[in-house]
Structure formats: structure tokens, C-alpha cells
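As C-alpha cells, the structure follows; a few thoughts come after it.
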Amino acid sequence: AQTVTQSQPEMSVQEAETVTLSCTYDTSESDYYLFWYKQPPSRQMILVIRQEAYKQQNATENRFSVNFQKAAKSFSLKISDSQLGDAAMYFCAYRSADGGGADGLTFGKGTHLIIQP
Amino acid sequence: KAGVTQTPRYLIKTRGQQVTLSCSPISGHRSVSWYQQTPGQGLQFLFEYFSETQRNKGNFPGRFSGRQFSNSRSEMNVSTLELGDSALYLCASSLKGGNSPLHFGNGTRLTVT
């Protein structure tokens with residue numbers, strides 16, 4: 001079974017600065033997808049960024065980018081120019097590409113990101 | 001386009017009762033997944049439906065069941081409620097299941113007393 005580990009229960013960053021959230025995963029599969037989701041107090045999970053394992057290029061979405069190291073099974077999220085609205089729980093998630101991904105997402109325990117004004 | 005709608009938002013039940021949660025996916029989405037979120041276990045996959053068929057089920061007892069209707073709306077049922085079933089239940093829809101991006105609702109907060 002796959003596991004996802006987020007080693008930082010909580011991170012704090014000053015507004016406008018850059019922060020990196022860590023995520024490692026364990027899998028024996030070669031084809032899979034990795035995600036970062038954000039969950040603000042409203043409880044709704046919002047997709048931040050998505051990475052396909054067979055793509056070497058790191059995904060970027062505006063101020064959000066990832067550092068995907070497939071051999072090291074590492075998938076960190078970098079948030080540049082942090083804004084107050086970025087404050088939330090961030091979850092790293094894994095999904096197998098085998099069988100059409102019908103096994104659902106495997107989530108890490110989450111990192112609580114605090115933005116200091 | 002309206003997002004994923006889950007009803008009710010909050011629910012309080014007593015041990016031994018049963019409960020049904022509802023999820024309306026984004027229009028045009030044919031797949032619905034359910035997740036349980038608790039402080040101790042985190043987010044865990046319950047099941048996924050596509051075109052009224054259950055594609056897979058997570059590691060949950062048979063008390064947890066679900067179904068999907070022809071209009072893609074889904075319901076999740078938990079019978080013989082236990083205190084440990086208290087959780088936030090999240091529903092997510094996607095266009096065609098599999099690895100299509102998931103869009104989550106705001107969840108139903110279930111409290112079992």
C-alpha cells in the first residue's frame with residue numbers, strides 16, 4: 001500500500017516571503033499522480049497543483065510550484081510571495097494510475113500553514 | 001457552474017442509529033468519491049462511483065455503503081452508528097473518474113453521541 005508523509009505539522013511564514021512544504025511518499029509503482037490540496041477553514045478541499053509522475057518537468061501554477069524528485073520519492077510545494085489567503089491546511093496526496101486510479105487518493109496528515117502579517 | 005453540494009452541512013445522531021448523506025456533483029460530472037476526515041486518521045478513501053457503479057471501496061466495514069443515481073447524485077449511508085464514525089465526510093466529483101481532477105464539496109460534519 002502507498003503511504004504519504006508530511007513531516008511538518010505546522011509551518012509559519014511572513015507575508016510576501018517564500019515557504020516550502022515537504023512531502024515524501026512510498027510506492028512500488030512507476031506511474032502515478034501527485035497532488036497538493038488546500039483546505040481553508042471553510043472545509044472545502046481545493047486543488048492547488050497536480051504532477052504526473054512520468055513528466056519530468058515540475059508543475060507550476062502562478063505562485064505555486066513543486067519540486068518533484070521521483071527517485072527520492074519527494075514532492076515539495078513552494079509558495080512564493082505568500083499571501084494571507086494562503087493560510088490553510090495543505091495536504092499532499094497520491095493516486096495510482098493503474099486501473100484508472102480507482103483506488104482513490106492517499107493523503108498525508110497535512111501541514112498547517114500560518115501566514116504572519 | 002454550481003460546485004459540489006453536500007447536504008446536510010451538520011448532523012447529530014445517536015449511537016446505533018443510521019444516517020444518509022447526500023452529494024450533488026458538478027453538472028456533467030459522472031464520478032463521485034467519498035472521503036472520511038478525522039483528527040486521528042486523517043483523510044481516508046471510502047468509495048468511488050462512476051455511472052452508477054461502485055469502482056472501488058476503501059478499508060471500511062460493511063456498515064458504510066453508498067450508491068449513485070442516474071443523474072450522478074450520490075448518497076452515502078452509515079448504519080449502526082458508532083462514536084468513532086464522528087467525522088467530516090467529504091464528497092468529490094470528477095468529469096470521468098479515474099485520474100480526472102477531483103472537485104470537493106464543503107463536507108457534512110457528523111457527530112455521533
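For (1) in contact with a helix residue (DSSP H, G or I) (Cβ under 7 Å, 6 or more places away or on another chain); (2) within 11 Å of chain B (Cβ to nearest Cβ), each residue gets a yes or a no:
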| position | (1), (2) |
| --- | --- |
| A:Gln56 | no, no |
| A:Val66 | no, no |
| A:Lys73 | no, no |
| A:Ser80 | no, no |
| A:Gly85 | no, no |
| A:Ala88 | no, no |
| A:Asp98 | no, yes |
| A:Lys109 | no, yes |
| A:Leu113 | yes, no |
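With respect to B:Phe104, determine if the residue is under 21 Å from A:Phe91 (Cβ atoms) and more than 10 Å from chain A (Cβ to nearest Cβ).
Values: under 21 Å from A:Phe91 (Cβ atoms): yes; more than 10 Å from chain A (Cβ to nearest Cβ): no.
In short, no.
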- Task: Could you identify the single residue in B:Leu88, B:Leu11 that is more than 10 Å from chain A (Cβ to nearest Cβ) and of a type outside the set (Ser, Thr, Tyr)?
- Result: B:Leu11
- For the subset of the stretch A:21-54 comprising residues that are surrounded by 15 or more Cβ atoms within 10 Å (Cβ to Cβ) and either among the β-branched types (Val, Ile, Thr) or touching a helix residue (DSSP H, G or I) at 6+ places or on another chain (Cβ under 6 Å) (or both), which member is farthest from B:Ser100 (Cα to Cα)? A:Thr24
- Task: Would you please list the contacts, defined by Cβ atoms under 6 Å and residues six or more apart or on different chains, that run from a residue in the stretch B:46-63 that is at positive phi and at pLDDT 90 or above to a residue that is in a strand (DSSP E or B) and not acidic (Asp, Glu)?
- Result: B:Glu52/B:Gln68
- Check B:Gln68, B:Gln37 and return the single one that is closer than 22 Å to A:Ile49 by Cα, crowded, with 20+ Cβ neighbours inside 10 Å and modelled with pLDDT of 95 or more. B:Gln37
- Item | Residue that is surrounded by the most Cβ atoms within 10 Å (Cβ to Cβ) [pool: residues in the stretch A:65-117 that are over 22 Å from B:Gln36 (Cα atoms) and acidic (Asp, Glu)] | A:Asp86
- Task: Looking only at the stretch B:26-72, count how many residues are among the acidic types (Asp, Glu) and either outside any strand (DSSP E or B) or touching a Pro at 6+ places or on another chain (Cβ under 8 Å) (or both).
- Result: 1
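The values are calculated or read from the model by the stated rules, or taken from the named source; none is laboratory data. Note that the structure is a prediction, hence the values are computed from the model and not measured. Positions of Cβ are backbone-derived with ideal geometry, glycine not excepted, and every protein chain shown enters the neighbour counts.
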